[in-house]
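K.L.:
Could you have a look at this structure, given as structure tokens, before my questions?
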Amino acid sequence: MVRHQPSDRSLIAVVALAVSLVATGCSSGTAEPAASAASISSVDTELVPVVRQDVIETVKAQAGVGNGTGITLPIEAEGLVTWAQPAGSVLTSGDIIVEVSGRPILLVIGERPLYRPLRLVGRYETDEANTRLGQQTGADVAQLQQYLIAEGFDDKGRLTVDEVFGVSTQRAVKQWQASVGHPATGVVDASQLVFFTNDVLLQTELAVGQQFTEVGVTGTGTVLQVEGSTSLRDFFPVGETVEVNTEPPMTGVVIRSTRVAGGDDGGVRQLIEISVEGANPDELGQSVEVIGSMIQAADVLTVPVRALLAMTGGGWQVEVDSTGGVDNIKKVEVELVSVFGTTAIIEGLEEDDQIVVPL
């Protein structure tokens, strides 16, 4: 029988891959199709078009479910812990992270870290090289000004977001310091607050009375982690969407791809982190399957492997129907470029040519 099959321009050649193995699921140029040089028109067949498309290879990998890689907050404080949030707490902007020697350290949502003490520079103040210092300016100053105004410390309405640490900013800082329990010095540094890009989940269990060392946190969202061969980075590029094999299916976005030391042989491994919005870690369990992809060949002519006929003396051909009926079939020699799964990349035909394929 003869059937016409619509073109599928979104072929995905799925190649299963364990996390511990290199993703190598394809052969190239050495396929051995089962069909012989004899005509295949004597068996049940169908007509399918030659398709121009991208050939995509995919890998499946197991991903652990969690909150992503932990980091240490850039807190610069010395002394004993006098109050602490319990591990597992979610900290949002304005929350106290920890109290050291009776002085609270606050988390503030902001894009720029507090990488320097912010203060009013004296008119004749110089550096170690006796070079006169100018006023502190920049985006970090503007970020501090925005926070102070939002909290109601605006120097009686005189403070503006002008990126310049002037007298009005200094007065607002002193008002804020006095309100939260810091000496009103007018100088803000990382012993008082931490600017961070998002809410955090506290990982470190701090005990009151211990010497303060550091605070470890993660993000609060669900992050999937895949660790395996360094070839995984080609299938999970940062910024790309990947499929999460759940019921119902979900999607995630690759947010980080880094090389790490690992494995029984101590070799280099690839750590892929995938953010999944709206996912509940408790419902996902300890691990889920994720599917990454990579284009192996772009904008190429493809036919099913089973359409290929081996020629006497070498080479390949296919049966082409140019008139719409199986009584007008002709054999056409093609160049076999490579094979991916059940799909052959060929040259020598035109897109949408109808070829005979055994069922």
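K.L.:
Calculate one ³J(HN,Hα) per residue across segment 75-90 by plugging θ = phi - 60° into the Karplus curve 6.51 cos²θ - 1.76 cosθ + 1.60, and present them in order as whole Hz with x for glycine and proline.
P.N.:
Once rounded to whole Hz, the list reads 9, 10, 9, 10, x, 8, 6, 10, 6, 8, 6, x, 4, x, 6, 9.
K.L.:
Could you tell me what fraction of 2.2 N^0.38 Å the Cα radius of gyration of segment 220-295 comes to, as a two-decimal ratio?
P.N.:
1.10
K.L.:
So, one more: For L193, which sequence-distant residues (separation of 5 or more, or a different chain) have an amide H within less than 5 Å of its own amide H, given hydrogens modelled in the peptide plane?
P.N.:
Correct list: L106.
K.L.:
Also, I was wondering about something else. For Kirkwood radius over Cα pairs in Å, the listed values are (i) 20.7; (ii) 21.3; (iii) 25.8; which was obtained by calculation from the structure presented?
P.N.:
Label of the calculated value: (iii).
K.L.:
Could you give the radius of gyration (one decimal) and Dmax (whole number) of the Cα atoms in segment 73-219, in Å?
P.N.:
16.0, 49
K.L.:
Another one. Can you work out ³J(HN,Hα) from phi for every residue in segment 92-102, in order, using Karplus 6.51 cos²θ - 1.76 cosθ + 1.60 and θ = phi - 60°, giving whole Hz and x for Gly and Pro?
P.N.:
Result, ordered by residue: 10, 4, x, 6, 7, 7, 7, 10, 10, 6, x Hz.
K.L.:
To the nearest 500 deg cm²/dmol, what mean residue ellipticity at 222 nm is calculated for the chain from DSSP H runs of n ≥ 4 alone, each contributing -39,500 (n - 2.57), summed and divided by the residues?
P.N.:
Helices in the chain give a 222 nm mean residue ellipticity of -2500 deg cm²/dmol.
K.L.:
Starting at the first residue of segment 284-292, write each ³J(HN,Hα) from the Karplus equation 6.51 cos²θ - 1.76 cosθ + 1.60 with θ = phi - 60°, in whole Hz, x for Gly and Pro.
P.N.:
For segment 284-292, the Karplus curve yields 6, x, 7, 8, 9, 8, 10, 10, x Hz.
K.L.:
Give the long-range amide H neighbours of T69: residues separated by 5 or more places, or on another chain, with amide H under 5 Å away, using H modelled in the peptide plane at 1.01 Å from N.
P.N.:
none
K.L.:
Tell me, in nm to one decimal, what length is gained between A139 and V208 on full extension, where the rule is 0.36 nm per residue of separation less the Cα-Cα distance?
P.N.:
Using 0.36 nm per residue and subtracting the Cα-Cα distance, I get 21.3 nm.
K.L.:
Long-range amide H contacts for T45: which residues qualify at under 5 Å (H placed 1.01 Å from N, peptide plane, sequence gap of 5 or more or a different chain)?
P.N.:
Placed amide hydrogens put L359 under 5 Å from T45.
K.L.:
Can you give the extra length, in nm with one decimal, that the chain gains between A178 and E335 once fully stretched, where that is 0.36 nm per residue apart less the Cα-Cα distance?
P.N.:
Once the chain is fully extended between A178 and E335, it gains 48.5 nm.
K.L.:
Continuing with this model, one more query. Output the direction-averaged projected area (hull surface divided by four) of the convex hull of the alpha-carbon atoms of segment 81-143, in nm².
P.N.:
For segment 81-143, the mean projected area of the Cα convex hull comes to 6.4 nm².
K.L.:
Using a cut-off of under 16 Å, list every residue of segment 129-145 whose amide N is near the label point 7 Å from the Cα of Y115 along the Cα-to-beta-carbon line.
P.N.:
Under 16 Å, as judged by backbone N against the label point of Y115, lie 136-144 of segment 129-145.
Here, each number is a calculation from the coordinates, and none is a lab measurement. Note that the structure is a prediction, hence the values are computed from the model and not measured. Here the Cβ is made from the backbone with ideal geometry for all residues, glycine too, and neighbour counts use every protein chain on show.
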